[in-house]
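Step one of this worksheet: look at the structure below.
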Amino acid sequence: MVFKRSSLNKQRLGPAPWWRLWWHSLTYQASWNFTCWQSLGFCYLVAPGLAAIYAQPDQLRQALSRHLASFNTHPYFAPMVAGVCLRLEAQAAAGQPGHMSASEFKALAAAPLAAMGDSFFWGGWRSLCAAAGVTAAVCGQLWAPVLLLVLFNLPSLILRLLGPVYGYHSGVGIIKWVQSLHLSDAAYYSKGIAACLLGGAAALAGTISAFAPAVAENTPGWWFWTVPLWLLPLRYVLKRWLQLEWLLLFLLLVLVVVAYGCRWLQGVF
Amino acid sequence: MIALPEIAGATLLALVCSLDRAAVGQFMLHRPLVAAMVLGLWLHTPQTALFIGVITELCWLVWLPVGGSIPPDDTVIALAATFVAAQKAPAMDPAVAVLAFFCAIPGGMLAGRLEKRLRHFNGYAAKQLGPLMAQSERPLACLRRWHLRGILVFGAIALLSWLLTLGLSWALYPLVAPVLLPLFEALSPVVLLLLLVLASSAFLAALTWRYGWVLFALGFWSVTGLVYGI
């Protein structure tokens, strides 16, 4: 059934539910658990909008119960999903249900949005921002953490602030918009830029870093140019055999044993 | 002797930053580079904090906080290492900072496992809520109460993780310092480079090796060439 714009206007939400939704989105994962993931958080997210749509307590209670089903997606995309769900609920309340219910939309959209959000925000963009911050920090710039914070929060805050309203107005068509962003490609290129920045940061750490002034005074030997080659066996070990924290613990243990062993040998001879 | 305002401020910071990891905000205040720097400014050791922040930031950058995966708690590792390093050497000393970082790792790994166990408490709330809301006169208030109760669980996780990591690193540091500090002092001009290479290897392990390695090498050789005017 085609949704009429006039009935959406009747169901238009005022600014208060949107502000409350945004406020609730800040604690979206407060009740994260292994049983039903973010279900309570999502229910809490849509609660202000549902309260504006359903005036009758019984209808509101039923709507809230519908949104208590298991749900898990990327936390920055959740407000946008909430916006779409509120539109679908508003349509249903106006007696003009679309071809999909809010619960069906949640079930369909959760996994792809989680994959895209995790890949872009956690895998790509966060790595790029961290690499930029680290590069500035290696040069001794105290504002490096501010760079990380500002760079990372710009797109995520825009998505969290405008996502719900855009989702409400676009409805299920929002998925096409998200697809058009090509976030997986963006994540791939972000990781590449991050790798390049980390190479630069490693070179700075061995040359003009604020933390190694003794090195900065001398031109490093030929060995310095071979540093990228060290990564090949290290990368292999970390990918196939050990996680980094275990490798670091192993290193610590070996160093302690060798150091105590040397002391003991000095005592013996 | 640790001053009470210092430990109280560090604990408050650990609570705020750990809550930012998942439960509240997720504004990246919990990133090691940011958290360590704030603590460093509070303890008047910003250079030490920056050094520890850089190492810790890169070591676990590759871990994604997705689904049920809970990485080692790099926030408390950075905070505990900064706190211990600031207490042991008020001026910037790379050897002390690296040793404090190593000593904080076991606590951070245990903290990650602790968090996984404690998150199950929220599952209990989720199971209870459905029937409770159906009977309640005020379902919205009931929902708010049960959902926000999770912040208390995450707060408890944060405090326990912080105390565990700080306690372990504080206890471990004097045990290994006599033998490892001279070694790290000898290595101090290149220790940041070595740790950056190690941490970058962990990051590149998550990428296609040709793509990641070629770009890393490109960045490394370009900057080295620029620095030495080649």
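The values are calculated or read from the model by the stated rules, or taken from the named source; none is laboratory data. From a predicted model like this one, the values you see are computed outputs, not experimental measurements. So basically every Cβ, Gly included, is an ideal-geometry build from the backbone, and we count neighbours across all protein chains shown.
In table form, for the structure just shown:
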quantity	calculated
Selected residue (only one of A:A115, A:A109 is in a helix (DSSP H, G or I) and at the interface with chain B (Cβ under 10 Å from one of its Cβ atoms))	A:A115
Among residues of the stretch B:194-212, those that are assigned to a helix (DSSP H, G or I) and either surrounded by 20 or more Cβ atoms within 10 Å (Cβ to Cβ) or more than 7 Å from chain A (Cβ to nearest Cβ) (or both), counted	13
Lone qualifier among B:L183, B:L175, B:L140, B:L168 - being in contact with a helix residue (DSSP H, G or I) (Cβ under 6 Å, 6 or more places away or on another chain) and either modelled with pLDDT under 90 or farther than 25 Å from B:L12 by Cα (or both)	B:L140
Helices (runs of 4 or more DSSP H) completely within the stretch A:165-269 that count 1 or more residues being at the interface with another protein chain (Cβ under 8 Å from one of its Cβ atoms), within 28 Å of B:L204 (Cβ to Cβ) and under 24 Å from the mean Cα position of the chain (by Cα)	A:183-206, A:227-240, A:244-268
Residue, farthest from B:N122 (Cα to Cα), within the stretch A:71-114, restricted to residues that are among the hydroxyl-bearing types (S, T, Y) and under 22 Å from the mean Cα position of the chain (by Cα)	A:Y76
Residues located in the stretch A:58-106, provided they are of a type in the set (S, T, N, Q), touching a Gly at 6+ places or on another chain (Cβ under 8 Å), in a loop (DSSP other than H, G, I, E, B) and closer than 21 Å to A:V165 by Cβ	A:T73
Any hit, the stretch A:161-179, residues being out of contact with any Leu (no Cβ under 7 Å at 6 or more places or on another chain), among the aromatic types (F, W, Y) and within 30 Å of B:G53 (Cα to Cα)	no
Pairs, first within 9 Å of chain B (Cβ to nearest Cβ) and at negative phi in the stretch A:12-36, second part of a helix (DSSP H, G or I) and basic (K, R), C-beta under 7 Å, six or more apart	A:T35/B:K127
Matching option when the condition is in contact with an Asp or Glu (Cβ under 6 Å, 6 or more places away or on another chain) and more than 11 Å from every other protein chain (Cβ to nearest Cβ), among B:A111, B:A91	B:A111
Single match in B:G130, B:G150, B:G123 (criterion: assigned to a helix (DSSP H, G or I), facing another protein chain (nearest Cβ under 7 Å) and in contact with a strand residue (DSSP E or B) (Cβ under 7 Å, 6 or more places away or on another chain))	B:G123
Number of positions in the stretch B:103-128 that are under 17 Å from B:S169 (Cβ atoms) and surrounded by 24 or more Cβ atoms within 10 Å (Cβ to Cβ)	6
Per-region count, the stretch A:18-70, residues of a type in the set (K, R) and within 24 Å of the chain's Cα centre (by Cα)	1
Residue satisfying all of: in the stretch A:12-69; hydrophobic (A, V, I, L, M, F, W, C) and farther than 23 Å from B:R149 by Cβ; surrounded by the most Cβ atoms within 10 Å (Cβ to Cβ) among these	A:I53
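Yes or no, residue by residue, for (1) closer than 17 Å to B:F203 by Cα; (2) acidic (D, E); (3) in contact (Cβ under 8 Å) with a residue 12 or more places away in the chain; (4) facing chain A (nearest Cβ under 7 Å):
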{"position": "B:V16", "(1), (2), (3), (4)": "no, no, yes, no"}
{"position": "B:A23", "(1), (2), (3), (4)": "no, no, yes, yes"}
{"position": "B:F27", "(1), (2), (3), (4)": "no, no, no, yes"}
{"position": "B:P32", "(1), (2), (3), (4)": "yes, no, yes, no"}
{"position": "B:A36", "(1), (2), (3), (4)": "no, no, yes, no"}
{"position": "B:L39", "(1), (2), (3), (4)": "no, no, yes, no"}
{"position": "B:V54", "(1), (2), (3), (4)": "yes, no, yes, yes"}
{"position": "B:C59", "(1), (2), (3), (4)": "yes, no, yes, yes"}
{"position": "B:P65", "(1), (2), (3), (4)": "yes, no, yes, yes"}
